[in-house]
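Chemist: First the structure, then my questions, so here it is.
The values are calculated or read from the model by the stated rules, or taken from the named source; none is laboratory data. These numbers come from a predicted model, not from an experiment. Cβ coordinates were reconstructed from backbone atoms using ideal geometry, including for glycine residues, and neighbour counts include every protein chain displayed. Each accessible area value is taken on the protein alone, full model and side chains, heavy atoms only, with ligands, DNA and RNA left out. Shrake-Rupley method; radii C 1.70, N 1.55, O 1.52, S 1.80 Å.
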Amino acid sequence: MIAYNTTELHHLQVQFNVIGWEDEGLITAEEKRSILDKYPVKLFMPQFFLRLGLGILTVIASSAAAGILFIANDARVPEALFIICGIGSIAALEIFIKKKHYRSGVDDILLHQGILYLFTGTMMMLADDVNDNAELLVFSITAIILYGIAALRYLDRLAALFFVAAIVVFEYALFMNTLGRPSVPLLLMNASIMTALIFLCRKSVGKHFSRFHSDLLRLIELAGIICLYMSFHYLLVAGLFELQPITGNRADLAPLSQTWFYWAWTIIFPLGLLWYSTWKVNRDYLRLSVLMILSIFYVKHLFYPSMAPEWAALLYGLLLIAVSYFVIRYLRKDKSKFTYEVKADGTGMNQVEQLAVTAAFSGTGLSSSEKGTQFHGGNFGGGGAGSDY
Amino acid sequence: MTPGFFETLYRQGLISEDSFNKVKAAHESPRPDLSTELKVLLYLGVLLSTTGVAVLVYRYIDLLGSLSIALVLALLVTVIFSYGFLKGPKFVRGEAKEPSTLFGYMILAGSLLLLILTGYLQTEFGVFGNRWGLATFVPMCLLFFLAYYFDHKGVLSLAITNLAAWIGITMNRTNWYGLADMNNDHTIIAGCILGVFLIAVSWYCRSSGLKPHFDAVYHQFGSHFLFISTLAGMVHFIEAYLLWLLLLAAAVYFHVRKAFAEGSFYYLLIASLYGYLGLGFVLSVKVFAKASDSINTVLYINLCYYLATGIMLAILLIQKNKELVQIKIPANDRL
């Protein structure tokens, strides 16, 4: 089932763990060296920048190849040509895997471009035969099959995420095809399917049959938790129901009942997840719960704005700084199940800090020579307010 | 990895009993490090609060009065930097050690507030009159001073962004290449000169020993300014495209040399991709387009060129990466 050499994958897992152990000071450098020699990896796994470069060049080359095929055929039967391009991409992918490529940028792009071509070809074939809702249903089923196979055979993490997204789209399309509009059972169905998916993933992780899919299963589990949370999240429910006109008349909107439940879910679920993550010392759950808690403030401000946005930004910003500061202090006392240890080599945010600062604050900066740039415009070079004043 | 596997390693004699016990204990009761998550939250907090302040000062001008807002901002900036100067590390030519995690974020917040204050003073009181350049130049100088004094790469990035703004370049994240107005003579030439200047500053940083770790920040900005400007110049000054192509070739040559001197694949990659883009443009527009009257033939030639060169460049990059790996450079000197 797995396209890659499983012995190589096993050795890779060993190497990955061993390097981590040495970083944490659990084993010595000599022990690491002897394990790495015992479990050699011959896969071609380039560093990030080479992977990026190879990915860009693969897009250029494979698109050019597809273009040649289309021109040679005068694009007479585009759907068939897309299918041929898709099969060609997957065939090329298999060849590169035989040449030991693993997450090299080439295999990543060939897989997703191949799926995209197959998708386009399939949808073009069906475009004239079915209505929009049925088309969405076929689209989601095709996506589930293609991304499911991609995740299983090629261990692709992006494909695993698209697989979960395709399931959600499938549920929506199913309701649109039968009832014509989303309703509460859709939310219940989504919550049930996501719960089942989460439990299935949790049960499968650590088992022998899923040893090479454990990363993917964890990713699907996390995506499932997000989808489960969103099932009854007030923002989504309000958007889905209150904006759906029953009779086609915009004034005649379906009233949203049981709002207390949706609000309670929106608030309690992340808190419960936060408690669970600290209890089970699960860093991924902790990250998710913090993101969900941050979203509560945003949703609250969106529906019940008790203060102006700028006040909300200032207060929530100060609150974030204060909370982070006290958590750091607490973790440094070394009493927690978690730690706060800044690596001496400046990993994490330090390395990308200048990029993050530039990305966040440069967008509003206008040059002094630019026509019409006035300070009343509120755009001040390099550190602008971020406002439209 | 299962606990059984640790035992296998132990039985194979690959790890000692002490290491085996440590690995087992870490597996049974892991203590994840939350430093990255907390830094992201701190950064988000600084971003939100300074944005909030920036909007508030303009919104409450009528209510609070210009002077009181300016005074509050000045007070905040003074408090932050007074604390910074008192509690922060003394200036050193090399890399300084941060006294605390929060310190760097406080300096970043202070620098952003300083920019807001300068902008506000010019808006409301016109302290720089009509000399808009001066209104960008003064905060830029202050930011450079703060970046060097407090050894802060984030503030240095703000200072470089201000330097670009001062000479008339707008950095804009809405474009994929990050620069606005690249169809303007002035912006292209200014971007090119700024790129060369920043690369020269980066070289000076390293050779003089004055904050040598800042060289990567200067070089990154400089390289992208230079490459994007030369590419834009090639398109904009189409009659003089050869001159810009030569300039691009010189920049590519310089970066390839640097990549091999420092064992940095990053510089090799950006030089290759920008160079490939520039050469591809010239060949497509000036050579292939004139090769035939038939659009299909021209398209064929272009597609075959990109298919062949895309594959060739990929193979070349793989080979060069192998060569670069052989070059032993201290980890800190690599990007």
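Chemist: Mind telling me which of the residues B:Leu48, B:Leu71, B:Leu9 ends up being out of contact with any Asp or Glu (no Cβ under 7 Å at 6 or more places or on another chain) and either under 21 Å from A:Arg283 (Cβ atoms) or not assigned by TED's automatic domain parsing to the domain that holds B:Val127 (or both)?
Modeler: On the way: B:Leu48 fails: either under 21 Å from A:Arg283 (Cβ atoms) or not assigned by TED's automatic domain parsing to the domain that holds B:Val127 (or both); B:Leu71 fails: either under 21 Å from A:Arg283 (Cβ atoms) or not assigned by TED's automatic domain parsing to the domain that holds B:Val127 (or both).
The match here is B:Leu9.
Chemist: Since A:Lys32 meets every condition but one in (1) part of a helix (DSSP H, G or I); (2) open to solvent by less than 20 Å² (accessible area, probe 1.4 Å), which condition does it not meet?
Modeler: All conditions pass for A:Lys32, except number (2).
Chemist: Can you confirm whether B:Leu73 is at pLDDT 85 or above, open to solvent by less than 30 Å² (accessible area, probe 1.4 Å) and within 9 Å of chain A (Cβ to nearest Cβ)? Walk me through how you get there before you give the answer.
Modeler: On the way: at pLDDT 85 or above: yes; open to solvent by less than 30 Å² (accessible area, probe 1.4 Å): yes; within 9 Å of chain A (Cβ to nearest Cβ): no.
No; evaluated as a whole, the condition is false for this residue.
Chemist: Next question, about the same structure. Scan the stretch B:151-182 residue by residue and report those that are touching an Asp or Glu at 6+ places or on another chain (Cβ under 9 Å) and at pLDDT 85 or above. Even if it seems obvious, please write down each step before you answer.
Modeler: Our first condition is that a residue be touching an Asp or Glu at 6+ places or on another chain (Cβ under 9 Å); within the stretch B:151-182, this holds for B:151-154, B:157, B:165, B:168-170, B:172, B:180-181.
Those that are touching an Asp or Glu at 6+ places or on another chain (Cβ under 9 Å) and at pLDDT 85 or above: B:Asp151, B:His152, B:Lys153, B:Gly154, B:Ser157, B:Ala165.
Chemist: Could I ask something else about it? Which of the residues spanning the stretch B:115-156 are more than 17 Å from B:Phe221 (Cβ to Cβ) and not in a helix (DSSP H, G or I)?
Modeler: Listed by number, the residues that qualify are B:Gly126, B:Val127, B:Phe128, B:Gly129, B:Asn130, B:Arg131, B:Asp151.
Chemist: Would you mind finding the one in A:Leu26, A:Leu50 that is surrounded by 20 or more Cβ atoms within 10 Å (Cβ to Cβ), of a type outside the set (Asp, Glu) and over 28 Å from the mean Cα position of the chain (by Cα)?
Modeler: None of the other options fit; the residue is A:Leu26.
Chemist: Where residues in the stretch B:305-317 are open to solvent by 30 Å² or more (accessible area, probe 1.4 Å) and facing chain A (nearest Cβ under 7 Å), which of them is nearest to A:Gly55 (Cα to Cα)?
Modeler: Residues of the stretch B:305-317 open to solvent by 30 Å² or more (accessible area, probe 1.4 Å): B:305-308, B:311-312, B:315-316.
Filter again for facing chain A (nearest Cβ under 7 Å), leaving B:306-307, B:311.
Numbers: B:Tyr306: 14, B:Leu307: 14, B:Ile311: 11 Å.
My answer is B:Ile311.
Chemist: Among the helices (runs of 4 or more DSSP H) contained in the stretch A:56-171, which hold 2 or more residues that are within 30 Å of A:Thr195 (Cβ to Cβ) and within 23 Å of the chain's Cα centre (by Cα)?
Modeler: A:106-126, A:132-154
Chemist: Which members of the stretch A:313-341 meet the condition of being open to solvent by 30 Å² or more (accessible area, probe 1.4 Å) and within 29 Å of A:Leu216 (Cβ to Cβ)?
Modeler: Of everything in the stretch A:313-341, those that are open to solvent by 30 Å² or more (accessible area, probe 1.4 Å) and within 29 Å of A:Leu216 (Cβ to Cβ) turn out to be A:Lys337, A:Glu341.
Chemist: Could you tell me whether B:Val79 is part of a helix (DSSP H, G or I) and within 12 Å of chain A (Cβ to nearest Cβ)?
Modeler: Spelling it out, it is not the case that B:Val79 is part of a helix (DSSP H, G or I) and within 12 Å of chain A (Cβ to nearest Cβ).
Chemist: Among the numbered criteria (1) without any contact (Cβ under 8 Å) to a residue 60 or more places away in the chain; (2) more than 25 Å from the chain's Cα centre (by Cα); (3) closer than 20 Å to B:Ser49 by Cβ, which one does B:Phe128 miss?
Modeler: If we test B:Phe128 against (1) without any contact (Cβ under 8 Å) to a residue 60 or more places away in the chain; (2) more than 25 Å from the chain's Cα centre (by Cα); (3) closer than 20 Å to B:Ser49 by Cβ, just (3) comes out false.
Chemist: Same structure again: Quick one: in the stretch B:47-70, of everything that is away from chain A (no Cβ under 12 Å) and in contact with a Phe, Trp or Tyr (Cβ under 8 Å, 6 or more places away or on another chain), which residue is surrounded by the most Cβ atoms within 10 Å (Cβ to Cβ)?
Modeler: B:Ile69
Yes or no, residue by residue, for (1) part of a helix (DSSP H, G or I); (2) surrounded by fewer than 21 Cβ atoms within 10 Å (Cβ to Cβ); (3) within 14 Å of another protein chain (Cβ to nearest Cβ):
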{"position": "B:Gly222", "(1), (2), (3)": "yes, no, yes"}
{"position": "B:Leu226", "(1), (2), (3)": "yes, no, no"}
{"position": "B:Met234", "(1), (2), (3)": "yes, no, no"}
{"position": "B:Trp244", "(1), (2), (3)": "yes, no, no"}
{"position": "B:Ala251", "(1), (2), (3)": "yes, no, no"}
{"position": "B:Gly275", "(1), (2), (3)": "yes, no, yes"}
{"position": "B:Leu279", "(1), (2), (3)": "yes, yes, yes"}
{"position": "B:Val285", "(1), (2), (3)": "yes, yes, no"}
{"position": "B:Lys320", "(1), (2), (3)": "yes, yes, yes"}
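Chemist: Show the residue pairs that are 6+ apart or on different chains and have beta-carbon atoms under 9 Å apart, the first residue being within the stretch B:310-327 and among the polar types (S, T, N, Q), the second being open to solvent by 30 Å² or more (accessible area, probe 1.4 Å) and outside any helix (DSSP H, G or I).
Modeler: Short answer, once both residue conditions are applied: B:Asn321/A:Gln47.
Chemist: Now for a different question. Which condition from (1) at the interface with chain A (Cβ under 9 Å from one of its Cβ atoms); (2) over 24 Å from the mean Cα position of the chain (by Cα) is the one that B:Thr101 breaks?
Modeler: All conditions pass for B:Thr101, except number (2).
Chemist: Name the pairs whose Cβ atoms lie under 9 Å apart, with the first residue in the stretch A:7-28 and within 9 Å of chain B (Cβ to nearest Cβ), the second acidic (Asp, Glu) and in a helix (DSSP H, G or I), and 6 or more positions between them or separate chains?
Modeler: These pairs meet every condition: A:Val18/A:Glu31; A:Trp21/A:Glu31; A:Thr28/A:Glu22.
Chemist: So which of B:Asn296, B:Asn332 ends up being surrounded by fewer than 14 Cβ atoms within 10 Å (Cβ to Cβ), at pLDDT below 90 and farther than 30 Å from B:Asp215 by Cβ?
Modeler: Only one candidate qualifies: B:Asn296.
Chemist: Out of the stretch A:35-47, which residues are surrounded by fewer than 17 Cβ atoms within 10 Å (Cβ to Cβ) and either assigned to a helix (DSSP H, G or I) or at the interface with chain B (Cβ under 7 Å from one of its Cβ atoms) (or both)?
Modeler: Answer for the stretch A:35-47, where residues must be surrounded by fewer than 17 Cβ atoms within 10 Å (Cβ to Cβ) and either assigned to a helix (DSSP H, G or I) or at the interface with chain B (Cβ under 7 Å from one of its Cβ atoms) (or both): A:Asp37, A:Lys38, A:Gln47.
Chemist: Only residues in the stretch B:215-244 that are within 17 Å of B:Glu262 (Cβ to Cβ) count as the first member; pair them with residues that are of a type in the set (Gly, Ala, Ser) and open to solvent by 30 Å² or more (accessible area, probe 1.4 Å), Cβ under 7 angstrom, at least 6 apart or cross-chain, and list the lot.
Modeler: Note: no pairs meet the criteria.
Chemist: Restricting attention to the stretch A:184-211, report how many residues are open to solvent by less than 40 Å² (accessible area, probe 1.4 Å) and in contact (Cβ under 8 Å) with a residue 12 or more places away in the chain.
Modeler: 10
Chemist: Now a separate question. Here are the criteria: (1) more than 9 Å from every other protein chain (Cβ to nearest Cβ); (2) open to solvent by 60 Å² or more (accessible area, probe 1.4 Å). Tell me which single one B:Ile301 does not satisfy.
Modeler: Exception for B:Ile301: condition (2).
Chemist: Please go through (1) at pLDDT below 80; (2) over 25 Å from B:Leu231 (Cα atoms) for B:Thr118 and return the number of the only condition it doesn't satisfy.
Modeler: Evaluating B:Thr118 over (1) at pLDDT below 80; (2) over 25 Å from B:Leu231 (Cα atoms) leaves (1) as the failure.
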